[in-house]
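The values are calculated or read from the model by the stated rules, or taken from the named source; none is laboratory data. Predicted model only: the values in this text are computed from it and were never measured. Cβ placement follows ideal geometry from the backbone for every residue including glycine, while neighbour counts extend to all protein chains displayed. For accessibility, only protein heavy atoms count, side chains too; no ligands or nucleic acids. Shrake-Rupley method; radii C 1.70, N 1.55, O 1.52, S 1.80 Å.
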Amino acid sequence: MKHAIIEKPAEFFKKEPALKHYDSAYANFSWEDYRKEIDWLEEGKLNAGHEATRHCSDKTAIMWEGADGRKKTCSFNKVNAESNKFANALRGLGVQKGERVFLFLPRVPQVHYSFLGTLKAGAIAGTLFSAFGLDALKDRIGHSEASVVVTDTNLKKRIDEVCGNMQVCKDMPALKHVILVDAEDDAGDALSYNKLVGKQSPEFKPEPMGKDDYAFMLYTSGTTGKPKGIVHAHGGIIQQKLSARWVLDLKQDDVYWCTADHGWVTGISYGILGPLANRVPLVLYDGRFDAEKWYSIIQEYKVSVWYTAPTAIRMLMKAGDELPAKHDLSSLRLLYSVGEPLNPEAVEWGLKVFNKPFHDTWWQTETGSILIANYPCLPIKPGSMGKPFPGIKAAIIDDEGRELPANQEGNLAIKPPWPSILRTVWANKEKYEGYFLKEWFTTGDRALCDDDGYYWFIGRADDVIKTSGERVGPFEVESALVEHEAIAEAGVIGKPDMMRGEIIKAFITLKDGYKHTPELDEDIQKFVKKNLAGHAYPREIEVVDSLPKTSSGKIMRRVLKAKELGLAIGDTSTLEN
Ligand code: PRX
């Protein structure tokens, strides 16, 4: 089906967009012109935490609602003071510049305070999904050698399970301090956040950092091996700030809701840094997805700019058109999506139900901010990711790094550097270098660019799975599966799914003496949820007699996927069985 281009008359979005003329902005852009956006602390030194909090005022910054309905509002002054207190607390604990401080928390304002405080102190903030299980925690807190973890009493149980009663935790040997946001008093080996942070001064002189000095890190999955620690630097703030203004069109009188968790890069760049640096109040909701609740949030808080993900949009579509009609959603000005392909039907559904189309945006954990987008000032071609951000040169290249002409499928690549590009992969120089091919940063995505310069996503070039927008590495799931007592071998693929984009499907062989039963499937799923993550378990499990392998013993996921989809298997010259 051909989808009509969506033109947007000027009055469509109630306000004139900050980026009015894409073509001239793109043609004349220089990052140098935006240096004045930054409060340079010393020659060439800035601090992203300071940039996000330096505009102090009584204006509301965060409107928080907990899963249990509790509500809290805090001002920009409070975010500044609380992050300063947290930075002072880190200093008091002896945390040095460059030390890792990990946040393992539900969506509470302390995420913002401790994230920004860590940056202000010059330490590196790491964020984790609260759905992470034992192995996922080991692979992140252990590998990064984090010395501080901020968590709550409930989530701490998982850390205790990893560490047992050890004086020094074998799997997290650098861990010195666990800080509990919900404990009034120090509890055994854990410190009370309120006691520790509450007594600190609200004044703090932010650590002057170079633009390439590390600020935060997120572990994300690739096709092989354990998750990689993608490290971002303070200099990225200029791009997070400008893209929040030019793509999301955030204005100071907006109310902005980014539904992403801080365990995901979207929850950092556009859940903390971008909106706060632009002095835009944000909604922070800690409950699970629920269509009725989501519409109530938009109505109650008068959300005007909404940044969400395709799976959530499809779930809203499934919940029907009557539900939004029962709510006053007239505050909505702009709708955005990220993380997985946004089908044209979802873009058009937005237009039908909210009288606004969804604007798709493309980026990655590694890119640190939105690099390709649909802008308020440009027509939308439903199904396209849009056009490169000013200052960003994107291209479609072949496997040798040669640029391909328009309308030809190839590898999506970006010309480095740009301010928010990853600076390293933690303790893995080889992986970091692997991103670069000749003068290009390679994204692992297959795409094409049409005659008008719009980019269209085609798929991943590797085996990375995108399930409900979450990036999951097949190797991680396979590793978790083979630790189950019944499983001999496992191969994992992403299986296309109408709602979730992809679901995780596992092919397993069983050890002698085990029989395939529904109870066994359930037990395997529980096992993966506990050890890896609530979102990374296989929704489908198929028991097979043997798995296709290369002569060197590597499981050929490509063959599993082709068989699952009923496609030609392709080159099997290296297939052993
Ligand atoms: O495959 C692309 C897909 O998500 C990958 C990046 O995932 P992650 O690092 O988790 O970051 C996502 C949010 C910043 C990409 O390589 N992806 C992201 N956005 C889109 C997308 N696929 C299609 N369309 C998009 N708009």
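Observations on the model:
- When the helices (runs of 4 or more DSSP H) confined to the stretch 228-277 are screened for residues that are within 15 Å of the ligand (Cβ to nearest atom) and either over 15 Å from the mean Cα position of the chain (by Cα) or under 18 Å from ALA215 (Cα atoms) (or both), those reaching at least 2 such residues are found at 237-246, 265-268.
- Identity of the residue in the stretch 470-485, closer than 21 Å to MET556 by Cβ and not small (Gly, Ala, Ser), that ends up farthest from the ligand (Cβ to nearest atom): VAL482
- Criterion violated by ASN47 - all others in (1) open to solvent by 30 Å² or more (accessible area, probe 1.4 Å); (2) touching a Pro at 6+ places or on another chain (Cβ under 6 Å) satisfied: (1)
- Identity of the residue in the stretch 418-469, more than 10 Å from the ligand (Cβ to nearest atom) and of a type in the set (Gly, Ala, Ser), that ends up nearest to the chain's Cα centre (by Cα): SER468
- For the stretch 472-575, the helices (runs of 4 or more DSSP H) that sit wholly inside it and include 3 or more residues that are open to solvent by 40 Å² or more (accessible area, probe 1.4 Å) are 518-531, 557-565.
- Scope the stretch 286-322; condition crowded, with 20+ Cβ neighbours inside 10 Å, not in a helix (DSSP H, G or I) and not small (Gly, Ala, Ser); matching residues: VAL303, VAL305, TRP306, TYR307, THR308
- Filter pass, LYS97 being touching a residue at least 60 places away in the same chain (Cβ under 8 Å), assigned by TED's automatic domain parsing to the domain that holds ASP189, in a loop (DSSP other than H, G, I, E, B) and open to solvent by 10 Å² or more (accessible area, probe 1.4 Å): yes
- Restricting SER330, SER337 to those that are among the small types (Gly, Ala, Ser), touching a Ser or Thr at 6+ places or on another chain (Cβ under 9 Å) and in the same structural domain as SER130 (by TED's automatic domain parsing) reduces the list to SER337.
- For the stretch 313-358, residues that are free of Cβ contacts under 8 Å to residues at least 60 places away in the same chain and within 16 Å of the ligand (Cβ to nearest atom) total 9.
- Flag for ASN154 being within 23 Å of TRP264 (Cβ to Cβ) and either charged (D, E, K, R) or out of contact with any helix residue (DSSP H, G or I) (no Cβ under 9 Å at 6 or more places or on another chain) (or both): yes
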